Each structure stands twice: as structure tokens, then as C-alpha cells.
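Student: Okay, here's the structure, questions in a sec.
The values are calculated or read from the model by the stated rules, or taken from the named source; none is laboratory data. Because the structure is a prediction, the values reported are computed rather than measured. Positions of Cβ are generated from backbone atoms using ideal geometry, with glycine treated the same way; all protein chains shown enter the neighbour counts. When the accessible area is computed, the model is the full protein with side chains, heavy atoms only, and any ligands, DNA or RNA have been set aside. Shrake-Rupley method; radii C 1.70, N 1.55, O 1.52, S 1.80 Å.
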Amino acid sequence: ELQYFESVVYFKFDSYAITNDSYKPLEDVVKILETYKNLSFVIEGYCDIIGSKAYNKILSLRRANAVKDYFVKKKGISEKRIVTVTGFGADKFAAPNDTPEGRAKNRRVIIKAVH
């Protein structure tokens, strides 16, 4: 049985479009979901600190929903397997926001398996 699984998808600045670089980690999640039929997952969206707090909350939720739509609409994963879709905005950082590289690491969606 799978004990823990987490995948990260990154986004371009001010965008919630899934990029070509995102398909590999998304397909890895699809394979896990196809293998472990009782597994559900959580989708969390995040932003860097550029932009207002309200805008970043909306953008991070749009990123999370873009990933959800990929699984449900493009891959046929049951929506019932998605526990939550949350937009955290810039509330939780993966890296410092004082460099372009750090901000790029914060523009992400995390997909976590839950039992």
C-alpha cells in the first residue's frame, strides 16, 4: 500500500495555464491514481508575493482548479476522489520571495495523496 505521495506542478508568473513541463508530474499522479483505486487526493494552489493578497488567493485557487480540471475532464478521474481544492495565495512559501528563482518555486500546486 502507498504510504505517502506528493507531487508539485509549477506555473508561470500570473498564469494558471498548465505548461508542457507540468504534464510529466501530472501523468505520474494519474498512474498512481489508476493503481491505487481507493486513494483520494488534495490539491493546494500557491503564489509568490507579487500582487495583492486577494488577487493571489484567486490566482492560487485557479491554479488548483486547473489541475483538478486536468484530472477530471482530461483524464476521467472521479471528482469524488478529490478531497479538497484550496488556494492559499502567498501564505505558505516553498522558498524566499526575494529572488526570481525563489518566486518561481512558490508559483505551484501541490497534489497530496490521502487515505
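Student: Top to bottom by accessible area (1.4 Å), largest first, where do T86, T35 land?
Tutor: Putting T86, T35 in descending order of accessible area: T35, T86.
Student: Something else about it: How much length is gained if the chain between D98 and S40 is pulled fully straight, taking 0.36 nm per residue apart and subtracting their Cα-Cα distance, in nm to one decimal?
Tutor: So the extension gain works out to 17.4 nm.
Student: While we're on this one: Can you tell me the FRET efficiency between E27 and D91 if r is taken as the Cβ-Cβ distance and R0 is 30 Å, rounded to the nearest 0.05?
Tutor: Computed FRET efficiency for E27 and D91 comes out at 0.55.
Student: At a Förster distance of 22 Å, what's the computed FRET efficiency of A54 paired with K12, Cβ-Cβ distance as r, to 0.05?
Tutor: 0.60
Student: Now for a different question. Of the chain, which part is the longest with no trypsin sites (Lys or Arg not before Pro) in a loop (DSSP not H, G, I, E, B) and with at most 13 other C-beta atoms within 10 angstrom?
Tutor: It runs 38-91.
Student: Then there is this: If you compute Rg and Dmax of the Cα atoms in Å for the structure shown, which of [x] 13.2, 41; [y] 13.8, 42; [z] 14.5, 44 do you land on?
Tutor: [y]
Student: Please report the carbon-and-sulfur percent of the accessible area for the stretch 50-115; probe 1.4 Å, protein heavy atoms only, DNA, RNA and ligands left out.
Tutor: Roughly 56 percent, rounded to a whole number.
Student: Another question, if that's okay. Ratio of alpha-carbon Rg to the 2.2 N^0.38 Å globular estimate for the stretch 32-92, to two decimals, please.
Tutor: Against the empirical 2.2 N^0.38 Å value, I get 1.24 for the stretch 32-92.
Student: Something else: Determine which aspartates and glutamates satisfy two conditions relative to K74: a Cα distance under 16 Å, and not lying fewer than 8 residues away in the same chain.
Tutor: The reachable aspartates and glutamates, counting only those whose Cα sits under 16 Å from K74, are E27, D28, E34.
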